[in-house]
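Student: I'd like to ask you about the structure that follows.
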Amino acid sequence: MSERSITLGGGCFWCTEAVFVRVKGVTDVESAYCNGHVHQPSYEQVCEGNTGHVEVVQLRYDDAQVSLSQLLEVFFAVHDPTTLNRQGNDVGTQYRSGIYVDNAGDLALAQEWVAHLNQSKAFGKPVVTEVVMRANYWPAEDYHQDYFERNPNQGYCAFVVGPKVAKFQKTFASLTR
């Protein structure tokens, strides 16, 4: 097994985490904050939009079971990478679309994905996903971890997260555990 990691920002981390915990080969998903300027920010600070952080999930995965390209394909399918600082009703820089990497190879691959999507006009609008090296990473508070799994009937989970998970499972049946 060759374990690797990638950090993705696709809006609310509850949604993103709920999708990626269901992907074959993903061994761990952690909700977190990254690429801001405050040391160890709180959820409340990040929600105010003044820390520069983005809500992310860090995926650890076995690249013998799932490739980074497959993970990026899922990522681009389960959120809107064309809206700057917004996913649905979640608005602010903390909800920006982003791919945060630890090495030059992953950076180049992610940049190629964005360039290809823009060149092919896959979304009909430009992809605004930020692709940069990961910095200032902080795990989110414990109550955010596995949030959908623990709270499937909570309003946001039932009406926003649940349908996103269902879409993933239908579209990517071959990647679903």
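Student: From Leu84, Leu68, Leu72, grab the single residue that is in contact (Cβ under 8 Å) with a residue 40 or more places away in the chain, among the hydrophobic types (A, V, I, L, M, F, W, C) and more than 20 Å from Cys15 (Cβ to Cβ).
Tutor: Leu68
For every residue, the table says whether it meets (1) more than 18 Å from the chain's Cα centre (by Cα); (2) within 30 Å of Pro41 (Cα to Cα).
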{"position": "Arg86", "(1), (2)": "no, yes"}
{"position": "Ser120", "(1), (2)": "yes, no"}
{"position": "Val132", "(1), (2)": "no, yes"}
{"position": "Tyr137", "(1), (2)": "no, yes"}
{"position": "Gln145", "(1), (2)": "no, yes"}
{"position": "Ala158", "(1), (2)": "yes, yes"}
{"position": "Lys167", "(1), (2)": "no, no"}
{"position": "Thr176", "(1), (2)": "no, no"}
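Student: Another question about this same structure. Restricting attention to segment 107-126, and to residues there that are surrounded by fewer than 17 Cβ atoms within 10 Å (Cβ to Cβ) and among the small types (Gly, Ala, Ser), which single residue is nearest to Asp28 (Cα to Cα)?
Tutor: Ala108
Student: Of all the residues that make up segment 1-29, how many are part of a strand (DSSP E or B) and either under 16 Å from the mean Cα position of the chain (by Cα) or crowded, with 19+ Cβ neighbours inside 10 Å (or both)?
Tutor: 12
Student: Tell me which of these Ala32 doesn't satisfy, since it passes every other one: (1) part of a strand (DSSP E or B); (2) in contact with a helix residue (DSSP H, G or I) (Cβ under 6 Å, 6 or more places away or on another chain); (3) touching a residue at least 60 places away in the same chain (Cβ under 8 Å).
Tutor: The number of the failed condition is (2).
Student: How many of the residues in segment 128-153 are over 27 Å from Leu84 (Cα atoms) and part of a loop (DSSP other than H, G, I, E, B)?
Tutor: Residues in segment 128-153 being over 27 Å from Leu84 (Cα atoms) and part of a loop (DSSP other than H, G, I, E, B): 3 in total.
Student: Here is a check on your reading of the model: is Glu55 assigned to a strand (DSSP E or B), out of contact with any Ser or Thr (no Cβ under 7 Å at 6 or more places or on another chain) and either closer than 18 Å to Tyr100 by Cβ or of a type in the set (Gly, Ala, Ser) (or both)?
Tutor: yes
Student: Another question about this same structure. Just give me the residues in segment 62-106 being closer than 20 Å to Gln169 by Cα, buried (at least 19 other Cβ atoms within 10 Å of the Cβ) and of a type in the set (A, V, I, L, M), in sequence order.
Tutor: Within segment 62-106, Val66, Leu68, Leu71, Leu72, Val74, Val78 meet the criteria.
Student: Same structure, new question: Being aliphatic (A, V, I, L, M), touching a residue at least 12 places away in the same chain (Cβ under 8 Å) and closer than 18 Å to Ala173 by Cβ narrows it down to one residue among Val57, Val26; which is it?
Tutor: Val26
Student: Also: Could you tell me how many of the residues in segment 44-61 are modelled with pLDDT of 95 or more and farther than 16 Å from Gly10 by Cα?
Tutor: 5
Student: Which one is surrounded by the most Cβ atoms within 10 Å (Cβ to Cβ) among residues in segment 127-144 that are in contact (Cβ under 8 Å) with a residue 24 or more places away in the chain and farther than 30 Å from Ala104 by Cβ?
Tutor: His144
Student: Going by what's in this entry, would Tyr100 be described as farther than 20 Å from Val26 by Cβ and either aromatic (Phe, Trp, Tyr) or in a helix (DSSP H, G or I) (or both)?
Tutor: The answer is no for Tyr100.
The values are calculated or read from the model by the stated rules, or taken from the named source; none is laboratory data. Given the structure is predicted, the values throughout are model-derived calculations rather than measurements. Using ideal geometry, Cβ is built from the backbone for each residue, glycine included, and neighbour counts are taken over all protein chains shown.
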